[in-house]
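Take a look at the structure below.
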Amino acid sequence: MPDAAPKSTFYVTTPIYYVNDVPHIGHAYTTVAGDVLTRWHRQRGEQTFFLTGTDEHGQKVQRTAQAHSMTAQQWCDQLVDTEWRPVLATIDAANDDFIRTTEARHSHSVQALWQAIRDNGDVYTNVYEGPYCIDCEEFKLPGEVVEGTGALAGQLVCPIHGRPVEQLSEENYFFRLSAYADRLLAHYEEHPEAVEPASARNEVLSFIKGGLTDISMSRSSFTWGIPVPWDPTHVVYVWFDALVNYATVAGYGTDADRFARMWPADVHLVGKDILRFHAVYWPAMCMAAGIAPPRKVFAHGWLLVGGEKMSKTKLTGIAPSTVVEHFGSDAFRYYFMRAISFGSDGSFSWEDMAARYTSELANGFGNLASRVAAMVVRYCDSALPAPGAPGPAEDLVRQAAARASTLADERMVALDFSAGINAIWELVDVLNGYLTEQEPWKLAKNETDRARLETVMWTAAEGLRVLAVLLNPVMPKACRALWDSLGAAPALGRLADQPVTDAARWGQLPPGLTVTKGAVLFPRLED
Ligand code: MSP
């Protein structure tokens with residue numbers, strides 16, 4: 001047998017989204033973060049793989065389909081085609097695969113993984129009696145439900161969804177989660193980076209230390225799911241089906257070489273609401289099945305509306321297309337990655353987004369790019385001039401570029417997108433200040449200032465090159481337009497192939513490139 005290929009792919013995932021409803025900007029937020037992170041790593045020259053998809057089984061989806069007089073499969077097919085796949089184009093996500101849990105490749109992996117866990121002795125039969133929240137698709141522990149009030153008085157209610165839980169009494173198969181507490185604690189002790197940020201890590205550790213109880217891994221009172229391999233009268237509990245998607249796509253049970261290259265996943269991005277599933281249950285399942293747990297689970301915060309988590313259930317969801325139609329996909333990506341510190345909650349407001357769009361994107365970055373291109377076109381007949389010897393002002397620009405690229409790389413790799421973009425924006429501000437001070441429009445008036453004008457034009461263009469490379473993972477459309485306007489591709493190749501770690505190496509733009517005015521990167525907003 002040839003040796004298995006070594007792990008070589010930086011593998012990023014989003015949660016797979018429930019198809020009981022349509023996407024809102026909270027879902028798009030996670031996907032944008034995954035896409036930005038993956039594009040950054042790709043531009044570090046790494047092999048990358050970015051996965052997203054849909055979670056289609058379970059009672060919630062089955063009931064929604066019934067309410068629409070469709071079969072569950074028809075309902076899923078329709079929603080995936082008309083809503084969930086299109087949202088990826090809307091936000092310009094470059095995912096490498098899209099997994100649907102109703103695909104045959106997935107049921108194959110789920111069955112293989114649960115068979116391995118059972119063979120390991122971690123599955124037994126028992127009766128589950130207790131509350132279940134269909135909106136969470138979760139068996140609730142005693143302290144996790146509250147007494148209803150008002151119209152719900154006398155009922156137990158899920159505090160997350162504000163809706164009554166159902167009392168289940170089913171004979172199910174149980175997963176021996178309790179046996180994994182010590183191993184999980186040891187794992188997190190050894191790999192403190194495996195759950196981030198610190199608040200998430202603390203929550204996970206205290207949950208594990210509080211004692212783990214075994215949980216149902218199957219359901220027997222309905223049929224919309226993947227049959228339990230040793231007993232087809234049960235389906236696999238939807239979370240214990242969904243979590244396996246990450247392994248399915250990595251080739252678990254089907255392609256050992258691919259699995260060796262891709263597994264373990266490098267980053268599972270999740271909303272903080274589903275941290276426990278990803279940082280307790282899933283790593284325990286991996287251990288029980290004899291595969292490595294994920295390298296990192298990162299729990300981000302919620303987009304809030306009126307102080308509450310944005311949700312369709314509560315009718316506060318805003319469709320990503322509504323925001324993108326107004327601002328464009330680049331601004332969508334930029335705004336959510338910069339305005340909200342990743343890991344904290346944040347509120348979305350049209351006013352805040354419009355203000356940042358105008359001051360930072362249209363006036364800050366876009367105007368800088370169009371001014372420099374227009375001046376090279378006008379003063380230098382569209383040919384990028386050769387710079388003379390750099391003076392102190394040019395040194396400051398070069399140093400700002402070096403700082404921006406070093407700090408941005410450190411922060412982006414740490415999933416601190418907001419600080420990463422802030423670091424790059426220092427260079428936007430330095431370049432704007434450079435033009436204000438050097439006043440190339442005045443230099444252009446005197447032939448004796450010609451050499452100086454050429455130095456300023458080249459330096460500004462070189463600074464824009466650095467910005468295009470560093471901002472490409474965040475705003476691929478605008479940066480591509482900037483790359484085209486600089487005429488950089490014939491000399492340097494495709495923008496997406498420019499390493500972020502080499503971005504600040506000064507002197508890459510060769511004189512003589514044909515610079516064109518190009519489209520306005522961030523047009524003025526209509527009211
Ligand atoms: N299907 C499960 C996940 C299974 S993963 C193996 C699920 N789906 S979901 O559609 O309800 O939510 C998925 C994710 O969407 C959340 O974890 C979070 O990443 C994102 N968000 C949903 N609402 C959100 C906000 N209001 N704000 C930020 N992210 C939100 O849970």
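Structural remarks
- Scanning region 284-308 for residues that are among the aliphatic types (A, V, I, L, M) and either surrounded by fewer than 19 Cβ atoms within 10 Å (Cβ to Cβ) or within 14 Å of the ligand (Cβ to nearest atom) (or both) gives MET285, ILE291, ALA292, VAL297, ALA299, LEU303, LEU304, VAL305.
- Residue within region 426-438 that is more than 25 Å from PRO523 (Cα to Cα) and either in a helix (DSSP H, G or I) or in contact with a strand residue (DSSP E or B) (Cβ under 7 Å, 6 or more places away or on another chain) (or both) present: yes
- Single residue of region 20-61 satisfying the filter (at pLDDT 95 or above and of a type in the set (Lys, Arg)) that is nearest to the chain's Cα centre (by Cα): ARG39
- Residue check for GLU193: of a type outside the set (Ser, Thr, Tyr), free of Cβ contacts under 8 Å to residues at least 24 places away in the same chain, out of contact with any Gly (no Cβ under 7 Å at 6 or more places or on another chain) and over 30 Å from THR125 (Cα atoms): no
- For the residues ALA374, ALA354, ALA369, the requirement of being at pLDDT 95 or above, in contact with a His (Cβ under 9 Å, 6 or more places away or on another chain), away from the ligand (no atom under 16 Å from the Cβ) and farther than 27 Å from PRO197 by Cβ singles out ALA354.
- Being touching a residue at least 40 places away in the same chain (Cβ under 8 Å) and either in contact with a Phe, Trp or Tyr (Cβ under 6 Å, 6 or more places away or on another chain) or at negative phi (or both) is a property that PRO490 lacks.
Results for (1) within 19 Å of MET475 (Cβ to Cβ); (2) within 13 Å of the ligand (Cβ to nearest atom); (3) in the same structural domain as HIS27 (by TED's automatic domain parsing); (4) surrounded by fewer than 20 Cβ atoms within 10 Å (Cβ to Cβ), shown as yes or no for each residue.
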position: MET310; (1), (2), (3), (4): no, yes, yes, no
position: LEU315; (1), (2), (3), (4): no, yes, yes, yes
position: THR322; (1), (2), (3), (4): no, no, yes, yes
position: HIS326; (1), (2), (3), (4): yes, no, yes, yes
position: ASP330; (1), (2), (3), (4): yes, no, yes, no
position: TYR335; (1), (2), (3), (4): yes, no, yes, no
position: ALA339; (1), (2), (3), (4): yes, no, yes, yes
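- Residue check, PHE207 more than 16 Å from the ligand (Cβ to nearest atom) and either at pLDDT 95 or above or in contact with a Leu (Cβ under 8 Å, 6 or more places away or on another chain) (or both): yes
- Any chance PHE98 is of a type in the set (Phe, Trp, Tyr), surrounded by fewer than 18 Cβ atoms within 10 Å (Cβ to Cβ) and in a strand (DSSP E or B): yes
- Residues of region 232-276 satisfying the condition of being surrounded by fewer than 23 Cβ atoms within 10 Å (Cβ to Cβ), among the polar types (S, T, N, Q) and either within 12 Å of the ligand (Cβ to nearest atom) or not assigned by TED's automatic domain parsing to the domain that holds ALA299 (or both): none
- Hits in region 410-425 (condition: in a helix (DSSP H, G or I) and either β-branched (Val, Ile, Thr) or under 20 Å from ALA299 (Cα atoms) (or both)): GLU410, ARG411, MET412, VAL413, PHE417, SER418, ALA419, GLY420, ILE421, ILE424
- The requirement of being in the same structural domain as LEU396 (by TED's automatic domain parsing) and in contact with a Leu (Cβ under 6 Å, 6 or more places away or on another chain) is fulfilled somewhere in region 411-423, by at least one residue.
- Identity of the residue in region 46-83, of a type in the set (Gly, Ala, Ser) and in contact with a helix residue (DSSP H, G or I) (Cβ under 8 Å, 6 or more places away or on another chain), that ends up nearest to ARG219 (Cα to Cα): GLY58
Residue-by-condition table, conditions (1) at positive phi; (2) at pLDDT 95 or above:
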{"position": "GLY433", "(1), (2)": "no, yes"}
{"position": "GLU439", "(1), (2)": "yes, yes"}
{"position": "LEU443", "(1), (2)": "no, yes"}
{"position": "GLU447", "(1), (2)": "no, yes"}
{"position": "VAL500", "(1), (2)": "no, yes"}
{"position": "GLY512", "(1), (2)": "yes, yes"}
{"position": "ASP527", "(1), (2)": "no, no"}
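- Flag if VAL474 is under 31 Å from the mean Cα position of the chain (by Cα), part of a helix (DSSP H, G or I) and modelled with pLDDT of 95 or more: no
- Residue satisfying condition, being within 18 Å of ALA28 (Cα to Cα), touching a Lys or Arg at 6+ places or on another chain (Cβ under 8 Å) and not β-branched (Val, Ile, Thr), within set GLU308, GLU325: GLU308
- Of all residues in region 476-527, those satisfying the criterion of being in contact with an Asp or Glu (Cβ under 9 Å, 6 or more places away or on another chain) and among the β-branched types (Val, Ile, Thr) are VAL500, THR501, THR516.
- Close pairs from region 378-402: first in contact (Cβ under 8 Å) with a residue 12 or more places away in the chain, partner surrounded by fewer than 13 Cβ atoms within 10 Å (Cβ to Cβ) and of a type outside the set (D, E, K, R), Cβ under 7 Å, at least 6 apart: ALA383/GLY512; LEU384/GLY512
- When region 313-349 is filtered for residues that are touching a strand residue (DSSP E or B) at 6+ places or on another chain (Cβ under 7 Å) and either modelled with pLDDT under 95 or of a type in the set (Phe, Trp, Tyr) (or both), the ones remaining, listed by number, are LYS314, THR316, PHE342, SER347, PHE348.
- Any hit, region 210-217, residues being among the hydrophobic types (A, V, I, L, M, F, W, C), more than 12 Å from the ligand (Cβ to nearest atom) and either within 20 Å of HIS57 (Cα to Cα) or assigned to a helix (DSSP H, G or I) (or both): yes
- Within region 367-419, being among the basic types (Lys, Arg) and more than 29 Å from the chain's Cα centre (by Cα) holds for ARG371, ARG378, ARG398.
- Taking residues in region 257-279 that are part of a strand (DSSP E or B), and partners anywhere that are modelled with pLDDT under 95, the pairs with Cβ atoms closer than 9 Å and at least 6 places apart or on different chains are GLY271/LYS309.
The values are calculated or read from the model by the stated rules, or taken from the named source; none is laboratory data. All values derive from a computational prediction rather than experimental measurement. Methodologically, a virtual Cβ is constructed for each residue, glycine included, from the backbone with ideal geometry; neighbour enumeration extends over all protein chains shown.
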